[in-house]
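Read-outs throughout are calculated quantities, based only on the coordinates presented, and are distinct from any laboratory measurement. As the structure is a prediction and not an experimental result, all values here were calculated from the model. All Cβ positions, glycine included, derive from the backbone under ideal geometry; neighbour counts span all protein chains shown.
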């Protein structure tokens, strides 16, 4: 195939490689946590959403029964369907169609306090375009001539997890206040090509610097960045850090409740691997360098919101949340540093310019019987990604989510819940590359809870 003019894997990948949770639903965030909340559109700030409150509003843990403890196990399957196309290069489907995320939690209510521990895989997703994709086959050299790219694997995979330690104080029979420490970790695999024209353009704009820039050949076909540990559960580059949450819940009466929660932006170290490869190709001749690569300042964004609940009868529960996710701070740039030794370094900054996002979630629960609860909901999130930084690797543009769930009280100690989210396809086109990204998905959750 003749390389496609002015379109390259690098131009595509580097426009927005950082939005690693494109297969998530509210930007990088999932639309809900826990099968109970997810079945009702992801709303979880204003009522008892179970142990999953550690990712919703931890203050609602104070609504648990005094003297009881809950052990929770959960598993989430994220099943994205991503297709990218271009009028000249055809279409390519992502093979990244299944990402599994487990949860484990223990929460106890004792007197006026509730406390415990929970571990949650907040994200575990990416895109797999495989080897020899037409969409990533060709680009332009630094001299403006068509060149073939590597033809190797084009993929990314990112995981983000939290170990959470909530403490809730029931100030009185109506008011609960919470503070929570989150210990966080993140990892990334990345295999991508960058054509010579893209690298030269970024260099001229001041987005690329470092000692290696002086060593680049005048005629550059492309460069390739490659770091991957081939492990489905972890990524090659890793970082660790912390964050915190604050929450409040006020029980107005037996029918009405209102809650608010604040999730701080994380404080993560730079994501790092000592086993990365940067390959530079000129005139068809490759030169590979092994070294250390850092993804600088990868953070999860600040989030805050409020939620309400209304239980008009023992059979019905209506809930709604509204929250704000501050992507503009966490997703302004993606910055990557590579070093193969003294004076052999390169620093690449890619503007992202995501917009802050408003999420509205609403749902209802109907008690079919004393042991069976049926749940339905809706979740809408504004698209935070500007068209100019839209990426076929990570579109992250879905807005509407339709949810359904079921809860089964097996006996006085055990319960099971499940929820399904349908995300209809969103289609968006980057005006710079001309690439259209179509992204839809399903999310399936199952939770088990044992009370003792």
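Where the alpha-carbon atoms of segment 9-451 are placed on the principal axes, they occupy 74, 43, 32 Å, in descending order. Length available on full extension from residue 374 to residue 145: 0.36 nm per residue minus the Cα-Cα distance, which gives 76.4 nm.
Between residue 79 and residue 104, the simple label model (points 7 Å from Cα in the Cβ direction) yields a spacing of 2.7 nm. Remark: the residue 265-residue 425 segment gains 54.7 nm on full extension, using 0.36 nm per residue and subtracting the alpha carbon distance. The length gained by stretching the chain between residue 310 and residue 344 to full extension, at 0.36 nm per residue less their Cα-Cα distance, is 6.1 nm. Between residue 409 and residue 93, the distance separating the two model label sites (each 7 Å from Cα on the Cα→Cβ line) works out to 4.4 nm.
The calculated FRET efficiency for the pair residue 448 and residue 382, based on their C-beta separation and a Förster distance of 45 Å, comes to about 0.85. Measuring nothing but how far apart in sequence close Cα pairs (under 8 Å, 6+ apart) lie, relative to its length, segment 163-250 scores a relative contact order of 44 percent.
Need one number: the % of Cα-Cα pairs in segment 251-391 sitting beyond the 24 Å mark. Value for segment 251-391: 57 percent of Cα pairs lie more than 24 Å apart. Go ahead and run the numbers for FRET between residue 65 and residue 328, Cβ-Cβ distance against an R0 of 45 Å, rounding to 0.05. It comes out at approximately 0.65. Distance between the 7 Å Cα→Cβ label points at residue 219 and residue 117: 6.1 nm. Here the peptides 94-104, 39-49 are ranked by packing, the mean other Cβ count within 10 Å, and the order with the highest first is 39-49, 94-104.
For the chain, averaging the sequence separation of C-alpha pairs within contact (under 8 Å, six or more residues apart) and dividing by the residue count gives a relative contact order of 21 percent. Measuring r between the beta carbons of residue 432 and residue 258 and using R0 = 51 Å, the FRET efficiency lands at 0.70.
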